[in-house]
């Protein structure tokens, strides 16, 4: 412990340690007349631990040390972080989250014969979107009219992930039949298969700069494929459970994956190992979503949504997500709206920056669907960010839009009442 | 926890790997240090490690690291990566991939990127280059496997698979199964595997042994069922006997009654009114008495004429005889009835015995008597209504006063002399009347 003195910034820490130690002493032994024998012996041997002093003296001492700490804190740190919870809460309350207009259902599209498991937007023209379903088909829909453009069949089992490339005329689909397929969107046929996963593939993501795709699935590895040669370039091993979601980034960490083992791993692609493992989540991390305008991402497990700063992966915000239930999907808007779709059909809209839940509703059941079919499985915002597309367990695709007439006065949303749990680490 | 964690560690694990070996040594040393408490070298080692933790980890951790970063300022800027950094990373990644590919080609005997070896052969003047065609490694086998693939279910390490069922009956006694034994295992075709509404017991186990030797059923159960069966049979018998006795008694009573009546009839026939046989007396009313009195009267010409007119009006062709018969019908027919028929009629109204269901006649006696007989009252009414205002009957009625019931009363025919006599009478007479 004496070694701390070598570095000047450790003074604070040492002082905190001291305070802590003294309070422990006070709590345990201040009421005793004599110390237990073994402790007394130890004290006699090691003189650097303070001998117990009368309570009054001690109190004054701790007060002194505390004041010392405060002064040292104010002097040493630029951003002052209050150590009292109440103070931090007060600071939170001083800030107001950004207002967002409420969301409304505008369209229900039926056509799939199974759960709609994944959805992707045309990244170039924003004119169509793709959905993959448990009925093994991929369907392309027109964005404005909601009409079916084409149905692509080729997978033998449910399609779990689709991704449309920005730089190629390709679409990639991951399926439970262990296959990843590459579709040519000019010819509307599957042109390549990527063999190699030992089990169902849950997610696929296209690298933004290099011609690589990352896929992951039930075999709990992330595989990187060369698009042209169909070869598995590397396999990233590290997760202990099936992987639910993979995202590719242009800079390190180039791959982020969220898994059933309750971890999010930021991968160093070149080194072939994990850069950072985020173990904050307690449950299955079912979804990840990148922010389109800033270098951060959000991840969700049951009743817990968090956003992280990249590239280092430090905790940014803890969302007000105590009673959200199982969260299947996350989507983030350019306008800083985070949407979380729950397994029981609950839809939660958050302000991304403050973590404030401003709208919570339940999805509208389609006619003829059962009460058990109320889950939101997938979601995405379109390129403009004004439209939200969700894929649900009642086999429908729903399109939601922000109401244009709403004003902050008429539609204030849910009240801003940050809880102390939003400060948990 | 995954299931793989329950598996034993892979063979050779830890032995060949120097890293594992080292880790184990460290662990051992820690354990030793804790156990012995002595050995200064190792103690120092531990304290070194603790120092490392303190110096490098704990010293760098600040309190604010444990607070979400956006707590203080929601509008914290997190810029997207610059294009330079993106390009840099791309180059780095691409070079890595190229290196990876090169290494791959070098190390493995992958034929995809390699130059294909060619052998030149000389045939006459020509030199022929022989090249093995490149094959897609992912192409499925061109040879189709037919038939079942034999896979021995024997694990090399553990020896043959243990057989869990009892082999004593088949393996030890090597005798073949007799036809009789086989038949015991046979379930008749009509017993469906899926539908068994009648509850046939498909009992393969006890079916192998003889029927009487089923020991699983409790004795008490069989006794109870037997006792119940006996009791049921006895109760049925008793009920039957009781019914029989009842029937006999009833029949006896009936026959006695019959005999008594017979006797009475006989006595009357032979002792009482002498030669007159027993006959049924018709229920008699006042009209009947009248008719009895006028028994000998024949229908007069006027009535006959009248009846003929009525028949004509109705469009019926009725013979003279019938018309005369109608006039005659009031006479009581001299009919002899068997007394037994009378008895049967009496019986029909009596309380019926359960067993003689169809013995009694369908109609009661009085119905039978009147069923095919002319209803005079009805006839009277019909005549009255149908034969207009200049009806003889109405005149008759007026004269006699009461002609509603009973047979038609006839008046004396008015002769020409009478009419003349009436006409000869002066008007004064009429006035006086």
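The values are calculated or read from the model by the stated rules, or taken from the named source; none is laboratory data. The structure presented is a predicted model; accordingly, all values stated were derived computationally and were not measured. Cβ atoms come from the backbone with ideal geometry, glycine included; neighbour counts cover every protein chain shown.
For the reader, a short list of remarks on this structure follows.
- For the stretch A:254-270, the count of residues that are more than 25 Å from residue B:90 (Cβ to Cβ), crowded, with 24+ Cβ neighbours inside 10 Å and either in contact with a helix residue (DSSP H, G or I) (Cβ under 9 Å, 6 or more places away or on another chain) or at pLDDT below 90 (or both) is zero.
- The criterion of being farther than 25 Å from residue A:263 by Cα, touching a helix residue (DSSP H, G or I) at 6+ places or on another chain (Cβ under 7 Å) and in a loop (DSSP other than H, G, I, E, B) holds for residue A:209.
- Filter result for residue A:270 (more than 23 Å from residue A:171 (Cβ to Cβ), in a loop (DSSP other than H, G, I, E, B) and facing chain B (nearest Cβ under 9 Å)): yes
- From B:2, B:13, B:29, residue being modelled with pLDDT under 75 and at the interface with another protein chain (Cβ under 7 Å from one of its Cβ atoms): B:2
- Filtered residue count, the stretch A:376-417, keeping only those that are in a loop (DSSP other than H, G, I, E, B) and either touching a helix residue (DSSP H, G or I) at 6+ places or on another chain (Cβ under 6 Å) or touching a residue at least 60 places away in the same chain (Cβ under 8 Å) (or both): 14
- Residue tally, condition more than 10 Å from chain B (Cβ to nearest Cβ) and under 26 Å from the mean Cα position of the chain (by Cα), over the stretch A:95-118: 11
- Among the residues of the stretch B:81-100, the one identified as more than 7 Å from chain A (Cβ to nearest Cβ) and either on the phi > 0 side of the Ramachandran plot or outside any helix (DSSP H, G or I) (or both) is B:82.
Residue by residue, here is whether (1) touching a residue at least 24 places away in the same chain (Cβ under 8 Å); (2) closer than 11 Å to residue A:391 by Cβ; (3) surrounded by fewer than 14 Cβ atoms within 10 Å (Cβ to Cβ) holds:
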| position | (1), (2), (3) |
| --- | --- |
| A:114 | yes, yes, no |
| A:119 | yes, yes, no |
| A:128 | no, no, no |
| A:133 | yes, yes, no |
| A:139 | yes, yes, no |
| A:145 | no, no, yes |
| A:149 | no, no, no |
| A:154 | yes, no, no |
| A:165 | yes, no, no |
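- Hey, residue A:246 under 19 Å from the mean Cα position of the chain (by Cα), away from chain B (no Cβ under 14 Å) and within 19 Å of residue A:296 (Cα to Cα) or not: yes
- The number of residues in the stretch A:321-338 that are touching a residue at least 60 places away in the same chain (Cβ under 8 Å) and within 13 Å of the chain's Cα centre (by Cα) comes to 1.
- Within the stretch A:304-321, restricting attention to residues that are in a loop (DSSP other than H, G, I, E, B) and more than 9 Å from chain B (Cβ to nearest Cβ), the residue that is surrounded by the fewest Cβ atoms within 10 Å (Cβ to Cβ) is A:312.
- Candidate set: the stretch A:322-333, residues that are farther than 21 Å from residue B:69 by Cβ and assigned to a loop (DSSP other than H, G, I, E, B); chosen: the one nearest to the other protein chains (Cβ to nearest Cβ): A:324
- Selection within the stretch A:340-360 - without any contact (Cβ under 8 Å) to a residue 60 or more places away in the chain and away from every other protein chain (no Cβ under 14 Å): A:340, A:341, A:342, A:343, A:344, A:345, A:346, A:348, A:357, A:360
- Residue list for the stretch A:239-267, restricted to those being closer than 16 Å to residue A:214 by Cα and in a loop (DSSP other than H, G, I, E, B): A:239, A:242, A:249, A:250, A:251, A:252, A:253, A:254
- Residue B:43 vs. criteria surrounded by 11 or more Cβ atoms within 10 Å (Cβ to Cβ), outside any loop (DSSP other than H, G, I, E, B) and modelled with pLDDT of 85 or more: no
- Selection within the stretch A:285-303: residues that are part of a loop (DSSP other than H, G, I, E, B) and within 14 Å of chain B (Cβ to nearest Cβ). The member of this set that is farthest from residue A:254 (Cα to Cα) is A:293.
- Count - residues of the stretch B:59-80 that are surrounded by 13 or more Cβ atoms within 10 Å (Cβ to Cβ), more than 7 Å from chain A (Cβ to nearest Cβ) and either farther than 27 Å from residue A:252 by Cβ or out of contact with any helix residue (DSSP H, G or I) (no Cβ under 6 Å at 6 or more places or on another chain) (or both): 1
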